[in-house]
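J.: This is the structure, below, for whatever I ask next.
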Amino acid sequence: MKFNINIKQLRKDVWESISGTEMDFTSGSIGRAVFLLSVPMVLEMVMESIFAIVDIFFVSRLGSEAVATVGITESVITLVYAIGGGLAMATTALVARRIGEKRPKEASKVAFQAILTGLFVSLLIAVPGIIWSSDLLRLMGGSPEMQNGLSGYTRIMLGSNGIIIVLFIINSILRSSGDAAMSLRVLAIANGINIVLDPLLIFGLGPFPEMGIEGAAIATTTGRGFGILYQLFLLFRGKRRIRITRSDLRFEPHTMWQIIRLSLGGIGQSLIATTSWIGLVRIIATFGSNVVAGYTIALRIVLFGLLPSSGFSNAASTLVGQNLGAGQPKRAERSVWITSIMNMIILAVFGLILVLFPGTFIRMFIQDPNVVLPGIQALRIISAGFIFYGLGMVMIQAFNGAGDTATPTSVFFLCYWLIEIPLAWILAKTLKMGQSGVFLSILIAEVLLTTIAWYLFRKGKWKQIRV
């Protein structure tokens with residue numbers, strides 16, 4: 001692989017990537033295709049993560065109990081992310097294939113059915129989430145203060161889960177069609193609103209009421225809500241690769257079932273990963289709210305550092321789907337290898353910085369030494385595996401982009417449920433390593449996951465999947 005850097009061309013490509021490109025990703029330079037897709041997708045992931053970073057930044061001013069409430073709520077609401085992510089995976093695989101087959105009208109039909117499916121599923125989560133928010137905090141080991149005084153945050157976030165799911169689905173529609181720049185614009189708008197509203201609603205600045213931690217939930221929900229309005233405008237009124245017309249506004253149970261069936265593997269992956277996270281939080285909670293708060297901040301920083309990997313992984317998924325649809329499996333495979341190498345180089349640098357200077361980043365959010373110390377432990381240990389995460393995440397999304405969601409699900413089940421959770425308990429409790437044992441189990445499980453995914457990808461069975 002050869003990289004020739006031309007500054008003038010680089011600037012042109014960067015501008016094209018963030019303003020929108022008309023490139024056909026099934027032909028031409030693979031490196032350029034990866035670049036044009038990955039730049040807006042990486043920035044999109046930055047925008048998504050900023051929601052969490054901004055919330056933690058302001059909520060941390062309310063104390064460790066408030067931060068721990070956000071952490072526990074996030075561990076529960078990741079079940080929503082799991083379902084939204086699974087539906088988005090299925091949508092990506094189907095839309096990318098139809099685009100690769102040069103059938104944009106069929107892609108538009110799939111898009112509308114995916115949105116309907118997401119709305120239906122969200123209702124099944126919203127009602128119990130609103131009713132039993134305090135009980136969820138209690139089950140997750142939350143203190144009485146969290147259960148009685150801070151559960152409003154949990155109630156709002158779970159009650160508005162439909163906004164999260166639909167946002168995921170429509171952005172996957174835009175990305176998989178090749179309009180990654182539009183997804184970036186959506187989250188830029190949503191984040192701008194959230195950043196403005198967070199301090200106003202949390203602290204009651206100016207004419208706004210002081211709502212505390214609930215203000216953070218309302219600000220985030222409002223920002224995402226406006227993002228969805230812009231998404232719908234792009235799909236129904238815009239002039240993009242996907243455009244939903246009146247003829248597409250039909251209830252098609254067969255297509256919805258196809259989306260649900262295909263999404264089961266993706267949902268399974270996310271549920272396995274997120275329930276393992278819940279299990280880890282439950283173990284960490286036995287060491288106190290300060291450790292939970294430190295872990296929550298560290299994890300937000302880790303996720304922020306992994307944003308390039310998420311963007312590159314989504315680019316690989318789109319390239320695999322479109323090129324398989326165009327009948328070019330070799331080009332699809334080469335796209336994944338090129339994307340993986342670029343991703344690993346970037347994450348190796350980020351990981352080294354976090355390992356060497358963890359305290360600098362933790363103290364950006366909180367100064368309490370009882371929170372900073374476990375935060376430093378978590379950040380240093382987990383970040384040591386960044387170069388492995390760079391390869392593993394791209395490989396997993398390549399399987400998903402091909403429509404082979406079963407393989408990653410099996411790998412996740414082995415690494416997260418059968419290894420990570422039991423290992424966390426053994427290291428933390430049996431071997432008396434404390435919270436550092438939990439953090440070490442995360443590193444070990446992720447490295448194993450990458451190794452297995454690399455081996456299975458090389459076998460090539462994913463090229464034969466039909467969707």
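The values are calculated or read from the model by the stated rules, or taken from the named source; none is laboratory data. The structure displayed is predicted, hence computed values, not measured ones. Methodologically, a virtual Cβ is constructed for each residue, glycine included, from the backbone with ideal geometry; neighbour enumeration extends over all protein chains shown.
J.: Give the residue, chosen from 283, 259, that is at pLDDT 90 or above, touching a Lys or Arg at 6+ places or on another chain (Cβ under 9 Å), hydrophobic (A, V, I, L, M, F, W, C) and crowded, with 17+ Cβ neighbours inside 10 Å.
T.: The match here is 283.
J.: Okay, next question. Go through segment 449-467 residue by residue and tally those that are over 16 Å from residue 394 (Cα atoms) and in contact (Cβ under 8 Å) with a residue 12 or more places away in the chain.
T.: Adding up the residues that qualify gives 4.
J.: For residue 385, state whether it is in contact with a helix residue (DSSP H, G or I) (Cβ under 8 Å, 6 or more places away or on another chain), at pLDDT below 95 and buried (at least 23 other Cβ atoms within 10 Å of the Cβ).
T.: For residue 385, the condition - in contact with a helix residue (DSSP H, G or I) (Cβ under 8 Å, 6 or more places away or on another chain), at pLDDT below 95 and buried (at least 23 other Cβ atoms within 10 Å of the Cβ) - is not met.
J.: Any idea which residue in segment 237-260 is farthest from the chain's Cα centre (by Cα), counting only those that are among the charged types (D, E, K, R) and over 19 Å from residue 89 (Cα atoms)?
T.: 246
J.: I'd like the full set of residues that are among the hydroxyl-bearing types (Ser, Thr, Tyr) and modelled with pLDDT under 90, limited to segment 304-321.
T.: Residues satisfying the conditions are 309, 310.
J.: Among the hydroxyl-bearing types (Ser, Thr, Tyr) and closer than 27 Å to residue 398 by Cα - does that describe any residue in segment 178-199?
T.: Within segment 178-199 (the criterion being among the hydroxyl-bearing types (Ser, Thr, Tyr) and closer than 27 Å to residue 398 by Cα), the answer is yes, since at least one residue qualifies.
J.: Separate question: Could you list all residues from segment 22-37 that are crowded, with 18+ Cβ neighbours inside 10 Å and under 22 Å from residue 239 (Cα atoms)?
T.: 25, 26, 33, 36, 37
J.: Could I ask something else about it? Does any residue in segment 279-293 that is at negative phi come within less than 9 Å, Cβ to Cβ, of a residue that is assigned to a loop (DSSP other than H, G, I, E, B) and of a type in the set (Ser, Thr, Tyr) six or more places away or on a different chain, and which pairs are these?
T.: Taking only residues 6 or more apart or on different chains, the pairs are 289/143.
J.: Which residues, taken from segment 330-349, are without any contact (Cβ under 8 Å) to a residue 60 or more places away in the chain and either outside any helix (DSSP H, G or I) or among the polar types (S, T, N, Q) (or both)?
T.: Within segment 330-349, 340, 343 qualify.
J.: State yes or no: is residue 353 crowded, with 17+ Cβ neighbours inside 10 Å and among the hydrophobic types (A, V, I, L, M, F, W, C)?
T.: Here the answer is no, as residue 353 does not meet what is asked.
J.: Continuing with this model, one more query. For segment 169-189, indicate whether the set of residues that are farther than 29 Å from residue 287 by Cβ, modelled with pLDDT of 90 or more and surrounded by fewer than 20 Cβ atoms within 10 Å (Cβ to Cβ) is non-empty.
T.: The answer is yes, given that some residue of segment 169-189 is farther than 29 Å from residue 287 by Cβ, modelled with pLDDT of 90 or more and surrounded by fewer than 20 Cβ atoms within 10 Å (Cβ to Cβ).
J.: Within segment 43-63, can you find the residues that are of a type in the set (Gly, Ala, Ser), surrounded by fewer than 21 Cβ atoms within 10 Å (Cβ to Cβ) and touching a residue at least 24 places away in the same chain (Cβ under 8 Å)?
T.: Result: 49, 52.
J.: Being part of a loop (DSSP other than H, G, I, E, B), of a type in the set (Gly, Ala, Ser) and within 30 Å of residue 102 (Cα to Cα) is the filter here, so list the residues in segment 238-295 that pass it.
T.: 238
For (1) surrounded by fewer than 17 Cβ atoms within 10 Å (Cβ to Cβ); (2) more than 15 Å from residue 287 (Cα to Cα); (3) modelled with pLDDT of 95 or more, each residue gets a yes or a no:
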{"position": "429", "(1), (2), (3)": "yes, no, no"}
{"position": "436", "(1), (2), (3)": "yes, no, no"}
{"position": "441", "(1), (2), (3)": "no, yes, yes"}
{"position": "460", "(1), (2), (3)": "yes, yes, no"}
{"position": "463", "(1), (2), (3)": "yes, yes, no"}
{"position": "466", "(1), (2), (3)": "yes, yes, no"}
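J.: How about segment 388-411: which of its residues are more than 19 Å from residue 460 (Cβ to Cβ) and surrounded by fewer than 24 Cβ atoms within 10 Å (Cβ to Cβ)?
T.: Of everything in segment 388-411, just one residue is more than 19 Å from residue 460 (Cβ to Cβ) and surrounded by fewer than 24 Cβ atoms within 10 Å (Cβ to Cβ), namely 388.
J.: Determine which member of the set 73, 91 is within 17 Å of the chain's Cα centre (by Cα), within 23 Å of residue 404 (Cα to Cα) and buried (at least 24 other Cβ atoms within 10 Å of the Cβ).
T.: 91
J.: I need the full set of residues from segment 428-444 which are of a type outside the set (Ser, Thr, Tyr) and closer than 12 Å to residue 378 by Cβ, in order please.
T.: Answer for segment 428-444, where residues must be of a type outside the set (Ser, Thr, Tyr) and closer than 12 Å to residue 378 by Cβ: 434, 435, 437, 438, 439, 440, 442, 443.
J.: If a residue has to be over 17 Å from the mean Cα position of the chain (by Cα) and over 25 Å from residue 26 (Cβ atoms) to count, how many in segment 177-194 make the cut?
T.: Summing the residues that are over 17 Å from the mean Cα position of the chain (by Cα) and over 25 Å from residue 26 (Cβ atoms) in segment 177-194 gives 4.
J.: Quick one: which helices (runs of 4 or more DSSP H) lie wholly within segment 364-448 and hold at least 3 residues that are over 22 Å from residue 279 (Cβ atoms) and touching a residue at least 40 places away in the same chain (Cβ under 8 Å)?
T.: 369-383, 386-401
J.: Right, next: Just need a number here: residues in segment 326-353 that are farther than 18 Å from residue 458 by Cα and β-branched (Val, Ile, Thr).
T.: 4
J.: Still on this structure: For residue 108, work out the one condition from (1) modelled with pLDDT of 80 or more; (2) in contact with a helix residue (DSSP H, G or I) (Cβ under 8 Å, 6 or more places away or on another chain); (3) farther than 17 Å from residue 180 by Cα; (4) not hydrophobic (A, V, I, L, M, F, W, C) it doesn't fulfil.
T.: Result: residue 108 passes all but (3).
J.: Next question. Condition first: under 20 Å from the mean Cα position of the chain (by Cα), surrounded by 21 or more Cβ atoms within 10 Å (Cβ to Cβ), more than 13 Å from residue 80 (Cβ to Cβ) and among the hydroxyl-bearing types (Ser, Thr, Tyr). Can you find one or more residues in segment 148-158 that meet it?
T.: No, segment 148-158 contains no residue that is under 20 Å from the mean Cα position of the chain (by Cα), surrounded by 21 or more Cβ atoms within 10 Å (Cβ to Cβ), more than 13 Å from residue 80 (Cβ to Cβ) and among the hydroxyl-bearing types (Ser, Thr, Tyr).
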